[in-house]
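Below: one structure, written as structure tokens.
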Amino acid sequence: MNSSSVHSTDFVYKYKTLSVGHLNELQQDIDKLKREGKLSDHKTYRSYLSDKKFEIPESLPNARSLIALAIFTEPMLINFHLNGAKHEVMLPHQYYASGLTEEILRDIMLKEIVKESGHKIEKATQVHLKLLAVRSGLGRYGRNNLCYVEGMGSLLKLFAYFTDHQFEVNNWTEIRMMDGCEDCKICMSQCPSKCITEEIL
């Protein structure tokens, strides 16, 4: 299932659904990266991952589906005045209030995606969102490891929800890099820390 829509509050989104039967495979993807030493050992980075796991939440033991949701976020342009000159800077969504609330997210989930009454949802706060988005077919990895969604680029926020609703479509795709990244190395050449490599996923 795939949809793009304009919510009543003007939030544009796309989503994909997949069966919780794929949770073990999603966890295996992460475990493989750990075994192969492809995840940073930095203490702070590892602390972000310490509580993340693909598993059915105890609060919704009869969960049947997982919804991957991408909401488009426009960058904000701000002006700085320095030494008599104006400098226009693009501010990413992490640094300004977009008006997106938990209530709006729940409305999107229940009224526009699940649709059928009587079903429950539970926000998935411990899953790896980029991996979920790519495996569900919602997005693709770039060489720079960002997640890109068609029509949104990387200007997006990712969310995930468990639900006891069973969707008709069960999405599942291979981990893939965007076609445009295979022969392009602009981000790699411009990366100041040289952390982007030649290796293709």
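Just so you know, all these numbers are worked out from the coordinates, no wet-lab data involved. Note that the structure is a prediction, hence the values are computed from the model and not measured. Heads up, the Cβs are rebuilt from the backbone with ideal geometry, glycines too, and the neighbour counts pull from every protein chain shown.
The packing ranking of peptides 38-51, 166-179, 65-78, highest mean first, is 65-78, 166-179, 38-51, where packing means the average number of other beta carbon atoms within 10 angstrom of each residue.
Please get the size of the charge dipole for the chain, origin at its Cα centre, with Cβ charges of +1 on Lys and Arg and -1 on Asp and Glu, quoted in debye to the nearest 20.
Working: 25 positive and 26 negative charges, 89 e Å.
Dipole magnitude for the chain comes out near 420 debye.
Computed from the C-beta positions of Lys32 and Arg64 and an R0 of 25 Å, the FRET efficiency is 0.45 to the nearest 0.05. Computed on the stretch 153-193, the Cα convex hull volume stands at 155 Å³ per residue. For the chain, the extents of the C-alpha atoms along the principal axes are 60, 44, 33 Å, listed from largest to smallest.
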